[in-house]
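The values are calculated or read from the model by the stated rules, or taken from the named source; none is laboratory data. Since we're looking at a predicted model, the values are computed, not measured. Glycine also receives a Cβ, built like all others from the backbone with ideal geometry; neighbour counts cover every protein chain displayed. What goes into the accessible areas is simple: the full protein's heavy atoms, side chains included, and nothing from ligands, DNA or RNA. Shrake-Rupley method; radii C 1.70, N 1.55, O 1.52, S 1.80 Å.
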Amino acid sequence: MKLFGYFRSSAAYRVRIALNLKGIKYEHIGVNLIKSEQRSEANLARNGQGLVPTLQTPKGQFITQSTAILEWLEEVYPANALYPEDAMQRAEVRALANTIACDVHPLNNLRVLNYLTENLNVESDAKTTWYQHWIDLGFTSIEKSLGQNGFSFGDDVTMADVYLIPQVYNALRFKQPMAKFDKIMAVYDKCNGIQAFKDAAPDVQPDA
């Protein structure tokens, strides 16, 4: 498999975590968002949106959108499952993951932040206020939903952790105040003690 991504992309980070947790070997190929390589002809040929990540399967097929990639991985590689067996519990895990994927991350990714400053002339401090507002709103909701055992849901890693850890990494990078999110930080610390998460971390990627 080949994963086309950017080392700091939250969405690509999610996929790396899942691939590692499932023990799937893959080649990481950097697409530099700062240099706008996502809009190159080569990247557009495999990802019509001009985004990352894109997963190339062993059959040479391309899958875009991290959520679609993660669901495909779960279906095709069911070992080391990232969802509970119970349907209601799976729904709860998906709800936590979608809080990140749908309500938080889209408002804070690079192209949105760039649009604020480059097209709407938003000052840097105001951009940071925008970022921190949506993180705070999402994390406040998630904090209330977490248990006390150190993972986002239940007694083991789930898809909720796959989504949460990259978002916390970004929040810390943007100096988000995290003092009131004790449970989230406990999950972040516990997951980052697991080798699959360590190996997926942005700073150890080839394009870092």
Quiz prompt | Coil-residue GluC sites (Glu not before Pro) of the range 74-107, DSSP, other Cβ within 10 Å capped at 14 | solution = E85
Quiz item: For the range 1-121, treating each Cα as an identical point scatterer without solvent, what Debye log10 I(q)/I(0) comes out at q = 0.10 1/Å?
Solution: -0.34
Quiz item: For the chain, which whole-number percentage of the solvent-accessible area (1.4 Å probe, protein heavy atoms only) is attributable to carbon and sulfur atoms?
Solution: 51
Quiz prompt | Debye-sum result for the chain in log10 I(q)/I(0), which assumes one identical scatterer on each alpha carbon, at q = 0.07, 0.17 Å⁻¹ | solution = -0.20, -1.23
Quiz item: Taking chymotrypsin sites (Phe, Trp or Tyr not before Pro) as exposed when DSSP calls them loop (any state but H, G, I, E, B) and at most 16 other Cβ atoms lie within 10 Å, what is the longest stretch of the chain free of them, the sites themselves excluded?
Solution: 27-173
Practice problem: For each pair in K22/K180; K22/K183; K2/K59; K144/K198, compute the distance between the two Cα atoms and list the pairs where it is over 22 Å. | Solution: K22/K180; K22/K183; K144/K198
Exercise. Subtract the Cα-Cα distance of W134 and A208 from 0.36 nm times their separation in residues, and report this length gain in nm to one decimal.
Key: 24.0 nm
Self-check item: Local electrostatic count at G50 - Lys and Arg +1, Asp and Glu -1, tallied over other residues with Cβ under 14 Å
Solution: +2
Self-check item: Simple spin-label estimate for A186 and S141 in nanometres, 7 Å along Cα-Cβ
Solution: 2.2
Quiz prompt | Gap separating the Cα centres of the range 117-193 and the range 30-64, nearest whole Å | solution = 26
